Protein chains: 2
Amino acid sequence: MAPVVVLSHPQLGENIGAAARAMANFGLAELRLVAPRDGWPNGRAQAMAAGAAGIVDAATLFATTAEALADLTRVYATTARERGITKEVLTPAEAAQRLRSAEVGGERTAILFGNERAGLDNDEISLCDAVITIPTAQFASLNLGQAVLLNAYEWFRAADTTPAARTEHGALHRRPTRAELFQLFAHLEDELEASGFLYPPEKHDAMARAIRATIHRARLTYQEVQTLRGMIVALAKGKHRVRKDC
Amino acid sequence: MAPVVVLSHPQLGENIGAAARAMANFGLAELRLVAPRDGWPNGRAQAMAAGAAGIVDAATLFATTAEALADLTRVYATTARERGITKEVLTPAEAAQRLRSAEVGGERTAILFGNERAGLDNDEISLCDAVITIPTAQFASLNLGQAVLLNAYEWFRAADTTPAARTEHGALHRRPTRAELFQLFAHLEDELEASGFLYPPEKHDAMARAIRATIHRARLTYQEVQTLRGMIVALAKGKHRVRKDC
């Protein structure tokens, strides 16, 4: 299945329509919107989409980026510039190859785009496996529709050069859904919070994001996610139990 | 020298501006216009070009396509579909490779784009060395600016020294030595052992190896190793302390 396109907090309906049209040109079909600024449905999105209005009509709406990504197993975040995060940065071409391989392995994939003004914030990036940055000359002013276009183009183009199917993991070692990963994040961060590790408060979010980046890079299997959660429980449980007993 | 972009009989100033902007994103600089419908200069072209207004200002004007191409040694014509002409049809990627090679050989190259309504006519195509067709899905509605964008992108990419994937590591983010990793393994396994996680004994070694494999795959930085060790201490410390106190 082709990657889902997720637009986080898009502002102009015209840009949503342009994104849909760019998708249709290169065989992408599923569009998800996180809290579009001007509400939904949006007549200008439909007008701009023209022949791709079907994609706009079928677009699904989410309140948060985390919810929009919940059922997916591989998500790449598009960013225009370096973010100082320890995270893999891919060209659109390399990302397209990896998306194709993942699809062959049965994964549900997506590309996440930020809004026109500010792009994605660091919390949103922390929900993704890696970052895609389009290489540009010194002058760089790609708009949202163009960013979708170039990524969709690379995905379409990758179809004929995709290496033969190969999956890193056996059948029992499926990739976790985004929701399962988010539960791991929440579990770990709760325990670290309780133990005073995420301190001081002003550093809390940056520390949590750094930990998430590490976990993403490990590309855990579902089984490994469960193992990690078991480890967290084991490491933390004595503490709670003994405290209660005292 | 980068390829010249030649727009034959463009209609809307906005599209000329969008083409200039697409060019600037990917390092193209020379724009030639053949008989733009609304005359020249065109305020809307300048407005749309924004930061790329320099390209619009420097654009040169020609009465015919033949004159616009006269001093060039290699020209590719872009078309949206097959024309039944016995002419080589290139993908933008293949064209970009050939343009790069030609430039190295001292040639003056160009990509020719038709107008928004009808594209290039067969006479114009007959002036060119080969045809570039952008591969698309069944739905195909690329506009002039997008066609320039994709060709410029491929040209830029053909020179690309951007690695397909890299990780954003700062200077502080060196890779750990093997000894530092082994200390992490020992620390983690000791705590998991103490908490009863590595149980039963006959599975101890296999479980420890699986955890190590996960950690290896994350390709941790030294800083992340230290963070992990801090997390283990934080998660386990209450337990030990309280136990001692009891």
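List of remarks:
- Meets criteria (among the polar types (S, T, N, Q) and farther than 20 Å from A:MET23 by Cβ) for A:ASN122: yes
- The stretch B:53-86: number of residues that are farther than 23 Å from B:ALA24 by Cβ and buried (at least 16 other Cβ atoms within 10 Å of the Cβ): 3
- Each residue in the stretch A:135-155 was checked for being open to solvent by 10 Å² or more (accessible area, probe 1.4 Å), in contact with a Leu (Cβ under 8 Å, 6 or more places away or on another chain) and within 8 Å of chain B (Cβ to nearest Cβ), and 3 pass.
- Exclusive hit being assigned to a loop (DSSP other than H, G, I, E, B) and either within 17 Å of A:ILE125 (Cα to Cα) or at pLDDT 90 or above (or both), set A:GLY170, A:GLY230, A:GLY196: A:GLY196
- Selection status of B:GLY39, open to solvent by less than 40 Å² (accessible area, probe 1.4 Å) and touching a Pro at 6+ places or on another chain (Cβ under 9 Å): no
- Against the test of being in contact with an Asp or Glu (Cβ under 8 Å, 6 or more places away or on another chain), assigned by TED's automatic domain parsing to the domain that holds B:GLN97 and over 20 Å from A:ALA140 (Cβ atoms), the options B:THR65, B:THR79 yield a single qualifying residue, B:THR65.
- Cβ-Cβ under 7 Å pairs, at least 6 apart or on other chains, the stretch A:187-205 side more than 9 Å from chain B (Cβ to nearest Cβ), far side of a type in the set (Val, Ile, Thr): A:HIS187/A:ILE232
- Some residue of the stretch A:46-64 being out of contact with any helix residue (DSSP H, G or I) (no Cβ under 9 Å at 6 or more places or on another chain) and polar (S, T, N, Q): yes
The values are calculated or read from the model by the stated rules, or taken from the named source; none is laboratory data. None of these values were measured; they are calculated from a predicted model. Positions of Cβ are generated from backbone atoms using ideal geometry, with glycine treated the same way; all protein chains shown enter the neighbour counts. Surface areas here come from the heavy atoms of the whole protein model, side chains and all, with no ligands, DNA or RNA. Shrake-Rupley method; radii C 1.70, N 1.55, O 1.52, S 1.80 Å.
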